[in-house]
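*Asks:* Attaching a single structure in structure tokens format; questions to follow.
The values are calculated or read from the model by the stated rules, or taken from the named source; none is laboratory data. In this text, all values refer to a predicted model and were calculated from it rather than measured experimentally. Please note: Cβ atoms are built from the backbone with ideal geometry, for glycine as well, and neighbour counts cover all protein chains shown. Remember, those area values only see protein heavy atoms, side chains included, never the ligands or the DNA or RNA. Shrake-Rupley method; radii C 1.70, N 1.55, O 1.52, S 1.80 Å.
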Amino acid sequence: MTQLAMQADGVDRETMRKMLVKASLAAPAQRQLAPHGYRPGVGIVLFNRDGHVFAGRRVDVDHEAWQMPQGGIDTDESPRDAALREIREELGTDKVEIIAEAPDLLTYDLPAHLVGVTWSGGWRGQRQRWFAMRFLGEDDDINVATDNPEFSDWRWVELEDFPALVVAFKRDVYQRIAEQFAEHRSQ
């Protein structure tokens, strides 16, 4: 059926073959990162020189909601590449270095009222690969007023205080990350 639709759209056989091969190669990686129903994603604990972590106030909600940089993994990128891209897109800087990677993927479920709405309705939650990064720049290098802003404001906070700032359905993930990355606050 897909091949017929592509032929009807004027896609030649060789281009169609390459697209189908690329899709079949990408599929196993996608399944490895996210079982059915979970969006593959990354999260970043960004430490400054003082051992505090970046907290961004979400721009798309009408209540106080803070989170760390995070986002989806594109089918053609690795989790590391996605994490670095998310930092550039959300904070307007690439003055970071990766210092650690969480040993396990962490999963959260969306609350029922967001399933079918968030991420165009395609996922029931997110399964994330988390990274700890060190911020190498100055505070003025961070600009959350990007082309597609995720955050309306930002600040540095204590890592152990962060779980209390996030929405309830992400709190367990943030608690686990705070425990796993606590040793990196002063490197």
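*Asks:* Before I look further, what does the stretch 46-187 give for accessible area per residue, probe 1.4 Å, in whole square angstrom?
*Replies:* Each residue of the stretch 46-187 exposes 51 Å² on average to a 1.4 Å probe.
*Asks:* Rounded to a whole number, what % of the accessible area of the stretch 48-186 do carbon and sulfur atoms account for, probe 1.4 Å?
*Replies:* On the stretch 48-186, the fraction of accessible area on carbon and sulfur atoms equals 43 percent.
*Asks:* In addition: Using Cα-Cα distances under 8 Å and only pairs 6 or more residues apart, what relative contact order does the stretch 79-141 have, in percent?
*Replies:* For the stretch 79-141, the relative contact order is 42 percent.
*Asks:* Can you compute the charge dipole magnitude of the stretch 115-173 about its Cα centre, using +1 on each Lys and Arg Cβ and -1 on each Asp and Glu Cβ, nothing else charged? Give it in debye, rounded to the nearest 20.
*Replies:* Roughly 620 debye, rounded to the nearest 20.
*Asks:* On to the next question. Of the options Trp123, Ile99, Gly137, report the single residue whose Cα projects farthest towards the positive end of the charge dipole of the stretch 53-187 (beta-carbon charges: Lys, Arg +1; Asp, Glu -1).
*Replies:* In the stretch 53-187, that residue is Trp123.
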